[in-house]
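The values are calculated or read from the model by the stated rules, or taken from the named source; none is laboratory data. Nothing here was measured: the structure is a model prediction, and the numbers come from that model. As a convention, Cβ positions derive from the backbone with ideal geometry for all residues, glycine included, and neighbour counts pool all protein chains shown. Remember, those area values only see protein heavy atoms, side chains included, never the ligands or the DNA or RNA. Shrake-Rupley method; radii C 1.70, N 1.55, O 1.52, S 1.80 Å.
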Amino acid sequence: IDGVSIAGAMVAVQSNMEAASATTVAVVPAVQQFHPGHPKAWGRFNGTGTPAVTIGYNFAGIIDNATGDWSVTFTTAFSAATSEGLVASAGNQDAGDYFTTSPFGGAPTTTAWRIGVFTGGRALADVVNINFIAVGDQ
């Protein structure tokens with residue numbers, strides 16, 4: 001059966017979302033996050049001084065590993081350390097060029113990913129805004 005009937009409408013359940021193939025059911029917020037293409041965590045943090053979360057979803061916190069090197073931790077763990085992907089970007093209040101890499105400094109875990117931020121000259125740097133989106137199975 002595809003979904004469940006609620007008030008006469010067929011509504012997707014977790015298995016529908018994980019299969020990502022149903023075309024005849026409506027999606028409600030409670031199950032949207034189970035779709036493989038839906039972000040499972042996202043956030044922005046200030047990476048200067050004492051790092052601080054600016055905004056996020058399923059974003060438990062930050063670990064400051066070293067200059068230009070942070071771990072973002074997730075409230076809800078992923079199902080496997082290899083099941084997620086992370087996209088990150090960084091910017092500062094100057095005109096410098098920055099780029100990010102993740103995974104960085106070691107393999108990801110189910111509850112954390114490391115992000116490295118570099119200057120155009122390939123030196124690690126603390127910057128004001130680091131943004132990320134994580135996808136995968138939880």
Exercise. Which residues, taken from segment 106-127, are surrounded by 16 or more Cβ atoms within 10 Å (Cβ to Cβ) and either closer than 20 Å to Ala60 by Cα or touching a residue at least 60 places away in the same chain (Cβ under 8 Å) (or both)?
Worked result: Pro108, Thr109, Thr110, Ala112, Trp113, Arg114, Ile115, Gly116, Val117, Asp126, Val127
Exercise. Scanning segment 5-48 for residues that are at pLDDT 80 or above and hydroxyl-bearing (Ser, Thr, Tyr), which turns out most open to solvent (accessible area, probe 1.4 Å)?
Worked result: Thr23
Exercise. What single numbered condition from (1) open to solvent by 30 Å² or more (accessible area, probe 1.4 Å); (2) closer than 30 Å to Val11 by Cα; (3) of a type in the set (S, T, N, Q); (4) at pLDDT 85 or above fails to hold for Ser83?
Worked result: (4)
Exercise. Failed condition for Ala77, given (1) open to solvent by less than 50 Å² (accessible area, probe 1.4 Å); (2) of a type outside the set (Asp, Glu); (3) touching a strand residue (DSSP E or B) at 6+ places or on another chain (Cβ under 8 Å), with all others met?
Worked result: (3)
Seminar exercise, completed: Taking segment 118-132 and keeping residues over 13 Å from Val72 (Cα atoms) and within 16 Å of the chain's Cα centre (by Cα) leaves Asn129
Problem set entry | Selection within segment 128-138 - surrounded by 13 or more Cβ atoms within 10 Å (Cβ to Cβ) and either closer than 23 Å to Glu18 by Cβ or of a type outside the set (Val, Ile, Thr) (or both) | Asn129, Asn131, Phe132, Ile133, Ala134, Val135, Gly136, Gln138
Problem set entry | Selection from segment 92-105 of residues that are surrounded by fewer than 15 Cβ atoms within 10 Å (Cβ to Cβ) and under 14 Å from Thr48 (Cα atoms) | Gln93, Asp94
Problem set entry | Failed item in (1) closer than 13 Å to Ile133 by Cα; (2) open to solvent by less than 40 Å² (accessible area, probe 1.4 Å); (3) among the polar types (S, T, N, Q), with Ser89 passing the rest | (2)
